[in-house]
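**Student:** A single structure is presented below for examination.
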Amino acid sequence: MNGGKAKAKVKERILSGTLIGIINGLFGGGGGMIAVPVLSGMLSYPQKKAHATAIAVIAPVCAVSAISYIVGGYARLNLIIPAAIGNVAGGVLGAKLLGKLPSVAVQICFIAVMLAAGIRMML
C-alpha cells in the first residue's frame with residue numbers, strides 16, 4: 001500500500017510539473033507564480049521550501065523557453081542580456097532574504113506581488 005501512495009505522489013508531481021511548465025511556456029516565466037501555491041497547497045511543502053523549490057524547478061524551464069523564444073525571433077539579445085544581469089543580482093539577493101525572513105513575511109510579500117501583478121494586468 002505504501003508503494004501505491006508513493007506512485008500517486010510521483011504522478012501528482014509530474015502532473016503539477018506539466019501544468020507549471022505549460023503556464024511557464026505560454027506566459028514566459030509565470031510558472032513560478034503557479035508553482036508556489038501548488039507546492040505549498042497541493043503538495044504540502046512548507047512556505048520557504050515551496051518558494052525555493054519553485055525557483056529550482058522553473059530555472060531549467062525558463063532556460064528552455066528563453067531559447068525557444070530567441071530562436072523563434074520573439075526576444076532580442078540586446079534586451080535580454082542587461083535584464084539577465086539584473087535578474088541574477090536580484091536572484092542572489094532574494095535567495096539571501098528568503099533564508100532570513102520569517103515564513104509569514106515571505107507569504108505576505110508573495111501575496112502582495114501576485115495581487116499587484118493581477119491588478120496591473122487588468123489595467
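**Student:** Whole-Hz ³J(HN,Hα) for each residue in region 61-76, computed from phi via Karplus 6.51 cos²θ - 1.76 cosθ + 1.60 with θ = phi - 60°, x for glycine and proline: what do you get?
**Tutor:** Karplus-based 3J(HN,Hα) across region 61-76 equals 5, 5, 4, 5, 4, 4, 4, 4, 5, 5, 4, x, x, 8, 9, 10 Hz.
**Student:** Further question on the same structure: State the answer as a single residue: which of 55, 71, 112 lies farthest towards the positive end of the charge dipole of the chain, with beta carbon charges of +1 for Lys and Arg and -1 for Asp and Glu, about the Cα centre.
**Tutor:** Selected residue: 55.
**Student:** A further question on this structure: Counting pairs of alpha carbon atoms under 8 Å apart in space and at least six apart in sequence, what relative contact order in percent does the chain give?
**Tutor:** 20
**Student:** Another question, then. Give, rounded to the nearest 20 debye, the magnitude of the charge dipole that the chain has about its Cα centre when Lys and Arg contribute +1 at Cβ and Asp and Glu contribute -1 at Cβ.
**Tutor:** Dipole magnitude for the chain comes out near 340 debye.
**Student:** Counting other beta carbons within 10 Å of each residue's own, what order do 109, 62 fall into, fewest first?
**Tutor:** By the 10 Å Cβ count, ascending: 109, 62.
**Student:** Could you list 70, 58 in order of exposure, starting from the residue whose Cβ has the fewest other Cβ atoms within 10 Å?
**Tutor:** 70, 58
**Student:** So how many Å³ per residue does the convex hull of the Cα atoms of the chain work out to?
**Tutor:** It is 128 Å³ per residue.
Read the figures in this text as sums done on the coordinates, not as results from a lab. Predicted model, so just to flag it, every value in this text is computed and none were measured. Counting neighbours? That spans all protein chains shown, and the Cβs are built from the backbone with ideal geometry, glycine included.
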